[in-house]
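Before any comments, here is the structure.
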Amino acid sequence: MLKHSIRLMLIAALAFVLLGCDLMSSDDHEDEAHADVAALQEQLASKDSQIAQLQAQISAQPAAATSRLETVMARGRLVCASRTDVPGYGFLDSSGRNIGFDIDLCRAVAAAIFGNGDAVEVIPISAAERGPTIQSGDVDMLARTVTWTTTRDSQWGNYTVVTFYDGQGFMVRKDKNIDSALKLGGTSVCVTSGTTTELNLADYFRQNSMELEAVVFENTAAVVSAYEQGRCDAFTNDRSQLAALRSGLQNPDDHVVLPETISEEPLTTVVPHGDDQWLDLVKTVLYVLINAEAFGVTMANVDQMVNHENIQIRRMLGTEGEFGQSDLGLKKTFAVDVLKAVGNYGEVYERYLGTEGLGLPRGINELWTKGGLIYAPPLR
Ligand SMILES: N[C@@H](CCC(=O)N[C@@H](CS)C(=O)NCC(=O)O)C(=O)O
């Protein structure tokens, strides 16, 4: 072993004598080698500073953002912006309970998450407060007779599913003898601010070369009392709300809703921008309401339906396969909880807007299979 090492050392020494001098004697080569080393050192230094910069950026970033669903679950309740002032959509019943069509949409989402439709905090807001409220992200959902428009979609938040197709109309006192909106030129019209109603009113009068005196108020109660006191000749709003508010007037029969519908008002719920899973979750809950009506699954029969022979019904109720529940962060059987809490779309409609509520016929708000516009993608 030792002998072998000594032999290797002798060979190395000989090689150094024979070749080494020649290699080391070249000044050019030496300069080049120094230049290479210097360049490498420079590159390393610049990499070091890049790494330091990246590290600084990473530590400056906030911890991974919490999803809306996680926030809602940690809070233990859904926060929903809505209203307390319009029968049918959001109003206080005789015991002071906030109920209505819009409120039930919030309850449905709460039931999907918590298995409990009561796990909702409803924050009443005015029409003009809707945009800033949902933009702030302080609420999880906005369900307050909101019309879907492109500007609001880009500015306010993400729109979900149209749950009521409305349109704007006018109400006048019968003794004014006005039978068409086209005869409203030169009259005064009461309207609330921050609404599509106010914008459409101006468009309609301008389009039809009619002179308009808009009397603008901030809230519904002020509009209705101004109209009742005769401070304006007409009152304009979405037709379904006109029907609701007419029923609360002292003598509803003294007032008539004119035949013209001057706009499209697709009413929907809105969620804050920036959380796709949350948007999908709210949409899917609404799709369940619509699909359940199509399948004939109701609040009363949902327990029996879980083992129905129809595969699609079993899938919706979580006894067969998946339709995205786990991706949404929901229990497989969340639809059962939703339907137990509020019933299907038709039941919610009838309770507040239809036969048991405002008495509005389903009309275009029927399921598409019955000639209406209410349609939901398949749950699969
Ligand atoms: N759908 C329309 C109108 C919605 C609406 O809620 N309008 C009025 C009609 S009474 C209202 O609530 N105003 C009362 C308020 O701001 O409190 C929109 O989205 O702008």
What are the residues in segment 311-325 that are farther than 25 Å from R351 by Cβ and part of a loop (DSSP other than H, G, I, E, B), if any?
T319, E320, G321, E322, F323, G324
Test: E309 is over 30 Å from F91 (Cβ atoms), in the same structural domain as C80 (by TED's automatic domain parsing), modelled with pLDDT of 95 or more and surrounded by fewer than 18 Cβ atoms within 10 Å (Cβ to Cβ)
yes
Consider only pairs whose beta carbons are under 6 Å apart and that are at least six residues apart or on different chains; among these, list those whose first residue lies in segment 352-368 and is surrounded by fewer than 20 Cβ atoms within 10 Å (Cβ to Cβ) and whose second residue is assigned to a loop (DSSP other than H, G, I, E, B) and among the aromatic types (F, W, Y).
W368/Y375
Kindly indicate whether R239 is within 25 Å of D153 (Cα to Cα) and within 15 Å of the ligand (Cβ to nearest atom).
yes
Which one of these is farther than 24 Å from I103 by Cβ and in contact with a helix residue (DSSP H, G or I) (Cβ under 9 Å, 6 or more places away or on another chain): E228, E260?
E260
Complete set of residues in segment 171-194 that are surrounded by 23 or more Cβ atoms within 10 Å (Cβ to Cβ) and more than 13 Å from the ligand (Cβ to nearest atom)
V172, A181, L184
Out of segment 150-170, which residues are touching a residue at least 12 places away in the same chain (Cβ under 8 Å), away from the ligand (no atom under 13 Å from the Cβ) and surrounded by fewer than 21 Cβ atoms within 10 Å (Cβ to Cβ)?
Q155, N158
Scan segment 226-239 and tell me whether some residue there is aliphatic (A, V, I, L, M) and under 31 Å from the mean Cα position of the chain (by Cα).
no
Any residue at all in segment 105-119 that is within 10 Å of the ligand (Cβ to nearest atom), assigned by TED's automatic domain parsing to the domain that holds V348 and either buried (at least 19 other Cβ atoms within 10 Å of the Cβ) or of a type outside the set (V, I, T) (or both)?
no
From the options E228, E218, residue that is surrounded by fewer than 16 Cβ atoms within 10 Å (Cβ to Cβ) and of a type outside the set (V, I, T)
E218
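The values are calculated or read from the model by the stated rules, or taken from the named source; none is laboratory data. These numbers come from a predicted model, not from an experiment. Methodologically, a virtual Cβ is constructed for each residue, glycine included, from the backbone with ideal geometry; neighbour enumeration extends over all protein chains shown.
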